[in-house]
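Step one of this worksheet: look at the structure below.
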Amino acid sequence: MSFMTQLIITIPAVLLALMVHEVCHGLAALALGDSTAKIDGRLSLDPFRHLDPLGFLCLLFFHVGWAKPVNVNLRNLKKPKRDMALIALAGPLSNFVLGFVMMLLSVLLTFSGTNIAQALGTFCYYTCSISICLGVFNLIPVPPLDGSKILFSFLPFQWTFKVQQYQQWIQFILLLLLWLGFLDIPLAFLQGTVMQGMWNIIAGILL
């Protein structure tokens, strides 16, 4: 497959994975009592409302990245620390669900025999791979990723505040590690583990 063909497939796969991730953050916040995301238009199915340019490019070329953060008003949450963790978790979980659905569709389409179905199956497989990568990456417990918000729900406020003071430096180091490839092996291992588990479930259902 040529680079251009791969890029044409990858761009809509990235947009879909990011849109699902961010909309599910917003829906979780809405379910827990905060309508900020809805007011900000972050429940939209338009993927361009959710894009962070740098995060999009990282996801496009490195298959790991992030979108524009969904704003949450903690005062609207009944149990702020717990609810923020649930809102943060909703994004990666949605990517795993999307990945499973896309893997299932990929299998069904690939074995259908027609060229169009096989092309759609390839798109579904790319979307599965990227979505799972996005979910795994965002569970890393460092700011500004979702994993940090989950971790902070278990830490005293003063610890959280100290970590957030260094958020820009942490983000810079994270980008540097991505650029140098130090995260490639652990992320690929985690992605492969999740995809293998999904494949085992699908094979048990279909075979």
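The values are calculated or read from the model by the stated rules, or taken from the named source; none is laboratory data. Every value quoted in this text rests on a predicted model; they were computed, and no experiment measured them. No Cβ is skipped: glycine too gets one built from the backbone with ideal geometry, and neighbour counts run over all protein chains shown. Ligands, DNA and RNA are stripped out before the accessible areas are found, and what is left, the full protein with its side chains, is counted by its heavy atoms. Shrake-Rupley method; radii C 1.70, N 1.55, O 1.52, S 1.80 Å.
Structure notes:
- Within region 3-18, being free of Cβ contacts under 8 Å to residues at least 40 places away in the same chain and within 19 Å of Gly135 (Cα to Cα) holds for one residue alone: Leu15.
- Search result, residues across region 143-160 that are open to solvent by less than 40 Å² (accessible area, probe 1.4 Å), within 17 Å of Leu74 (Cβ to Cβ) and either of a type in the set (D, E, K, R) or outside any helix (DSSP H, G or I) (or both): Pro143, Asp146, Ser153, Leu155
- Residues of region 78-107 that turn out to be under 21 Å from Met195 (Cβ atoms), without any contact (Cβ under 8 Å) to a residue 40 or more places away in the chain and not small (Gly, Ala, Ser), as a count: 4
- Condition met for Ala31 (free of Cβ contacts under 8 Å to residues at least 12 places away in the same chain and of a type outside the set (Lys, Arg)): yes
- Among residues of region 161-179 being open to solvent by 100 Å² or more (accessible area, probe 1.4 Å) and part of a helix (DSSP H, G or I), the one that is nearest to Phe62 (Cα to Cα) is Trp179.
- Ile87 meets the conditions (1) in contact with a Gly (Cβ under 7 Å, 6 or more places away or on another chain); (2) open to solvent by less than 20 Å² (accessible area, probe 1.4 Å) in every case but one. The failed one is (1).
- Residue that is farthest from Cys128 (Cα to Cα), among those in region 26-65 that are open to solvent by less than 30 Å² (accessible area, probe 1.4 Å) and in a loop (DSSP other than H, G, I, E, B): Asp34
- Qualifying residue in region 7-20 (condition: open to solvent by 70 Å² or more (accessible area, probe 1.4 Å) and farther than 24 Å from Trp199 by Cβ): yes
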